[in-house]
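The values are calculated or read from the model by the stated rules, or taken from the named source; none is laboratory data. Computed from a prediction, not measured in an experiment: that's the story for all the values here. Using ideal geometry, Cβ is built from the backbone for each residue, glycine included, and neighbour counts are taken over all protein chains shown.
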Amino acid sequence: MFDELSQRFEDAVKGLRGQAAISETNVDGALRDVRRALLEADVSLPVVKEFIEEVRRKAVGAEVVRGVSPDQQFIRLVHEQLVETMGGANAPLARAAEGPTVILMAGLQGAGKTTATAKLGLHLKEQGRRALLVAADVYRPAAIDQLQTLGRQIGVEVFSLGSDAAPEAIAAAGVAKGRDEGFDTVLVDTAGRLQIDASMMEEMVRIREAAAPDEVLLVVDSMIGQEAADLTRAFHEQVGITGAVLTKLDGDSRGGAALSIRKVSGAPIKFIGTGEKVEALQPFHPERMASRILG
Ligand code: GDP
């Protein structure tokens with residue numbers, strides 16, 4: 001993997017080759033190239049700037065590693081810093097100490113929330129767990145039917161009160177059913193909007209208060225790129241998120257949103273969506289995403 005990366009940064013690190021160590025003066029060219037790579041991967045600009053300064057601080061004055069040239073050392077440092085910033089290792093889903101674990105799915109319309117809710121239901125089922133899917137997206141007319149269809153397809157029960165009930169009432173009733181009937185996880189699909197919107201945030205807060213979730217997962221379409229930073233900030237400040245699902249990584253997005261989400265909220269990306277099919281969900285691995293972001 002480092003071979004591939006070093007090829008990508010071949011020119012960038014040229015200035016470091018043959019040097020005794022990485023210094024303030026000889027690292028600039030290499031940092032410029034990393035900056036370009038991150039921007040090309042659609043990491044948001046303030047996040048790129050902060051990341052570059054962190055790499056600069058670590059690179060300059062880093063101890064010379066015996067047997068490793070400064071250019072290789074630099075590339076390794078960038079990669080490690082990316083992995084570390086994205087949380088180091090995969091972060092598992094929270095689990096309630098007692099009663100069902102409640103997970104709220106949040107995000108904009110079209111991000112892939114309903115799909116991700118079903119994907120997680122199947123993922124848990126495959127681990128021998130029993131999930132209840134709750135259809136609290138009363139805003140998008142087809143969302144309830146879509147969740148019911150997916151639930152039938154994967155053999156996971158779906159709870160709905162139709163589209164006339166208030167979403168917070170649906171969420172509360174779903175959680176109560178989960179507890180009464182011994183489900184171990186309740187996944188609540190909520191309504192998004194086309195863009196960040198006060199009524200969506202207020203609705204999310206009401207649902208959060210009614211459902212007392214163990215996790216609030218923000219579902220983010222990786223194709224929105226740079227906008228992921230503002231989106232995450234808004235949800236994190238107004239609702240509070242504990243993790244994220246990054247969808248549509250089967251497309252050609254380089255996944256820079258992953259870095260922005262983590263930097264802005266501190267919350268780990270827990271899963272990635274890699275296709276429309278209900279099986280297309282994978283745990284998030286910072287190591288793989290770092291390589292993808294660097295391109
Ligand atoms: P919601 O409005 O957030 O509930 O979004 P949906 O779950 O309805 O998804 C919106 C569209 O994105 C649908 O056409 C999904 O099939 C599609 N979709 C969701 N996740 C993925 C993914 O990981 N990859 C691809 N290619 N499409 C996805």
Item to check | Enumerated helices (runs of 4 or more DSSP H) restricted to the range 1-108, each holding at least 1 residues that are under 30 Å from Val245 (Cα atoms), hydroxyl-bearing (Ser, Thr, Tyr) and more than 25 Å from the chain's Cα centre (by Cα) | outcome: 2-8
Checklist outcome for this item: Those residues of the range 90-144 that are among the charged types (D, E, K, R), in contact with an Asp or Glu (Cβ under 8 Å, 6 or more places away or on another chain) and within 13 Å of the ligand (Cβ to nearest atom) come to a total of 3
Checklist entry - Taking the range 126-178 as the region of interest, how many residues are assigned to a loop (DSSP other than H, G, I, E, B), touching a residue at least 24 places away in the same chain (Cβ under 8 Å) and within 17 Å of Gln109 (Cα to Cα)? => result 5
Checklist outcome for this item: Taking the range 34-60 and keeping only residues that are crowded, with 17+ Cβ neighbours inside 10 Å and within 25 Å of Asp252 (Cα to Cα), one is left with Val34, Arg35, Ala37, Leu38, Ala41, Asp42, Val43, Ser44, Val47, Val48, Phe51, Ile52
Checklist entry - Among the residues of the range 249-295, which ones are within 18 Å of Gly112 (Cβ to Cβ), more than 16 Å from the ligand (Cβ to nearest atom) and either hydroxyl-bearing (Ser, Thr, Tyr) or surrounded by fewer than 16 Cβ atoms within 10 Å (Cβ to Cβ) (or both)? => result Ser260
Checklist entry - Are there any pairs, at least 6 apart or on different chains, whose C-beta atoms fall under 8 Å, with the first in the range 241-263 and within 20 Å of Met105 (Cβ to Cβ) and of a type in the set (Lys, Arg) and the second in a helix (DSSP H, G or I) and within 10 Å of the ligand (Cβ to nearest atom), and if so, which? => result Lys248/Ser222; Lys248/Met223
Item to check | Single match in Ala191, Ala210, Ala165 (criterion: out of contact with any Cys (no Cβ under 8 Å at 6 or more places or on another chain), surrounded by fewer than 18 Cβ atoms within 10 Å (Cβ to Cβ) and either at pLDDT below 95 or of a type in the set (Gly, Ala, Ser) (or both)) | outcome: Ala165
Next on the checklist: Residues that are in contact with a strand residue (DSSP E or B) (Cβ under 8 Å, 6 or more places away or on another chain) and either without any contact (Cβ under 8 Å) to a residue 40 or more places away in the chain or within 12 Å of the ligand (Cβ to nearest atom) (or both): does the range 75-89 have at least one?
Outcome noted: no
